[in-house]
1. Of all residues in region 169-194, how many are more than 11 Å from the chain's Cα centre (by Cα), under 24 Å from residue 95 (Cβ atoms) and open to solvent by 20 Å² or more (accessible area, probe 1.4 Å)?
2. Tell me, please, whether a residue that is modelled with pLDDT of 95 or more and either assigned to a loop (DSSP other than H, G, I, E, B) or more than 20 Å from residue 123 (Cα to Cα) (or both) can be found in region 246-256.
3. Sort out which residues of region 209-221 are touching a residue at least 12 places away in the same chain (Cβ under 8 Å), open to solvent by 60 Å² or more (accessible area, probe 1.4 Å) and farther than 11 Å from residue 163 by Cβ, and write them in order of number.
4. Quick check on region 92-100. Is at least one of its residues over 22 Å from residue 126 (Cβ atoms), surrounded by 11 or more Cβ atoms within 10 Å (Cβ to Cβ) and either at pLDDT 95 or above or under 15 Å from the mean Cα position of the chain (by Cα) (or both)?
5. Modelled with pLDDT of 80 or more, closer than 30 Å to residue 47 by Cα and out of contact with any Asp or Glu (no Cβ under 7 Å at 6 or more places or on another chain): does that describe residue 266?
6. Scanning region 279-313 for residues that are in a loop (DSSP other than H, G, I, E, B) and closer than 17 Å to residue 229 by Cβ, which turns out modelled with the lowest pLDDT?
Amino acid sequence: MMSSEHLSCGWLQQLLIVLLKLCLTFAGPLRPVNGTECTARGPASYILVFTGHWTPQAFPKQYPLFRPPAQWSKLIAVSHNRHFRLWEEGAPASAGVQNFAEIGVTVELMKAAKEARKRRAVGTMYRTAGIPNGIGHSSTELLIQPRNSLLSLMVKIIPSPDWFVGVDSLNLCEGSQWKHEVTVDLQPYDAGTDSGFTFSSPNFPTSPQENITKITSELPNHPANSFYYPRLKDLPPIASIRIMRQSRSSDRQTPMSNHILPNSIIPQRFSATPLDCEVSLWSSWGLCLGSCSRGGIRHRTRYILLRPANAGVPCPELEEQTECVSQSCMRLQ
């Protein structure tokens, strides 16, 4: 017969094994985003410059000229660690991301960042002024701490249903070293909350909500889509960011900047995007006109949906005629 001491030890051993299994089951490994933790000794100061490249030459299809014209919203940026995501491709948009991507409202987005700041997952929040044109610059100064070395940002495309450009969890630190300069070309993203195809589409809520996806020259695969350029393998960058490290003396007390850079700075030039002509389907054949004894002529027409640009394929004939049989001939009085 086993003693009570042996029974007690065996029971405790089994309990420890069960607890260990539970811990391994529910506590998955924490994966760092875009690299390892930053071990730099101190903070780094950067200048962030956002540049819009949205021109009618690069993006001629349905380019917004008025009500409103092509422009950029304010830029929202957050420094954070791997326990926070402002937005993520392939994941559903938060309420804050939806409000910002659809109507440019930042209240919910900033509220979520402030809550994460209480948990020390977010460092500092930044913003720049909007840009009233498709081409332009805005900038702000960043002070990045080692414990929050990741940078995420968003800028809404105006006008658009729920489209934006941005960066998700860009790490400005490599091991113990801060990066000196980073340049990123930006592509448009769909927040997955509105089903509009064009820049000026009315509000069509997506139900059920879809995940955030990158917009490409063939996705969404629909001719009505404002970014649909099937002749292109990749869309040209619609915007870019440049992040440059700067020296910062200990006695410097300059507040964070928030301004539009002078127009004398020339944006990066990209080749013009060819836009092919698009026409409607043919109308029905009209009645035959002319002498029935010699056979009449009937016509059909189509109209231009989208005029060509930048050496795109020209428009075909918009009217067509053919002879018709006498049974459908209409005598002229």
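1. In the first step, residues of region 169-194 are kept if they are more than 11 Å from the chain's Cα centre (by Cα); the result is 169-185, 193-194.
Adding the requirement that they be under 24 Å from residue 95 (Cβ atoms) leaves 169-170, 193-194.
Cutting the leftovers down to open to solvent by 20 Å² or more (accessible area, probe 1.4 Å) gives us 170.
The total comes to 1.
2. Start the filter on region 246-256 by keeping residues that are modelled with pLDDT of 95 or more, which leaves none.
No.
3. First, pick out the residues of region 209-221 that are touching a residue at least 12 places away in the same chain (Cβ under 8 Å): 209-218, 220.
Add one more test, that the residue is open to solvent by 60 Å² or more (accessible area, probe 1.4 Å), and what stays is 209-211, 213-214, 218.
Answer for region 209-221, where residues must be touching a residue at least 12 places away in the same chain (Cβ under 8 Å), open to solvent by 60 Å² or more (accessible area, probe 1.4 Å) and farther than 11 Å from residue 163 by Cβ: 209, 210, 211, 218.
4. The initial filter retains those residues of region 92-100 that are over 22 Å from residue 126 (Cβ atoms), namely 92.
Next, only the ones that are surrounded by 11 or more Cβ atoms within 10 Å (Cβ to Cβ) stay: 92.
Imposing the further condition that a residue be either at pLDDT 95 or above or under 15 Å from the mean Cα position of the chain (by Cα) (or both) reduces the set to 92.
Within region 92-100 (the criterion being over 22 Å from residue 126 (Cβ atoms), surrounded by 11 or more Cβ atoms within 10 Å (Cβ to Cβ) and either at pLDDT 95 or above or under 15 Å from the mean Cα position of the chain (by Cα) (or both)), the answer is yes, since at least one residue qualifies.
5. Details: modelled with pLDDT of 80 or more: no; closer than 30 Å to residue 47 by Cα: yes; out of contact with any Asp or Glu (no Cβ under 7 Å at 6 or more places or on another chain): yes.
No.
6. Quick first cut of region 279-313, residues in a loop (DSSP other than H, G, I, E, B) only: 280-287, 290-295, 302-303, 307-308, 310-313.
Narrowing further to those that are closer than 17 Å to residue 229 by Cβ: 307-308, 310-313.
Details: 307: 75, 308: 78, 310: 75, 311: 70, 312: 75, 313: 78.
Taking the candidates together, the pick is 311.
Per-residue answers, yes or no, for (1) in contact with an Asp or Glu (Cβ under 8 Å, 6 or more places away or on another chain); (2) surrounded by 15 or more Cβ atoms within 10 Å (Cβ to Cβ); (3) touching a residue at least 40 places away in the same chain (Cβ under 8 Å); (4) not in a loop (DSSP other than H, G, I, E, B):
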| position | (1), (2), (3), (4) |
| --- | --- |
| 40 | no, yes, yes, no |
| 45 | yes, yes, yes, yes |
| 55 | no, yes, yes, no |
| 61 | no, yes, yes, no |
| 64 | no, yes, yes, no |
| 67 | no, no, yes, no |
| 77 | no, yes, yes, yes |
| 86 | yes, yes, yes, no |
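Yes/no matrix, rows are residues, columns are (1) surrounded by fewer than 19 Cβ atoms within 10 Å (Cβ to Cβ); (2) outside any strand (DSSP E or B); (3) in contact (Cβ under 8 Å) with a residue 60 or more places away in the chain:
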position	(1), (2), (3)
196	no, yes, no
199	no, yes, yes
207	yes, yes, no
223	yes, yes, no
228	no, yes, yes
241	no, no, yes
244	yes, no, yes
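The values are calculated or read from the model by the stated rules, or taken from the named source; none is laboratory data. Computed from a predicted structure; not experimentally measured. Every residue, glycine among them, receives a Cβ derived from its backbone with ideal geometry; neighbour counts consider all protein chains shown. With ligands, DNA and RNA removed, areas are computed over all heavy atoms of the protein, side chains included. Shrake-Rupley method; radii C 1.70, N 1.55, O 1.52, S 1.80 Å.
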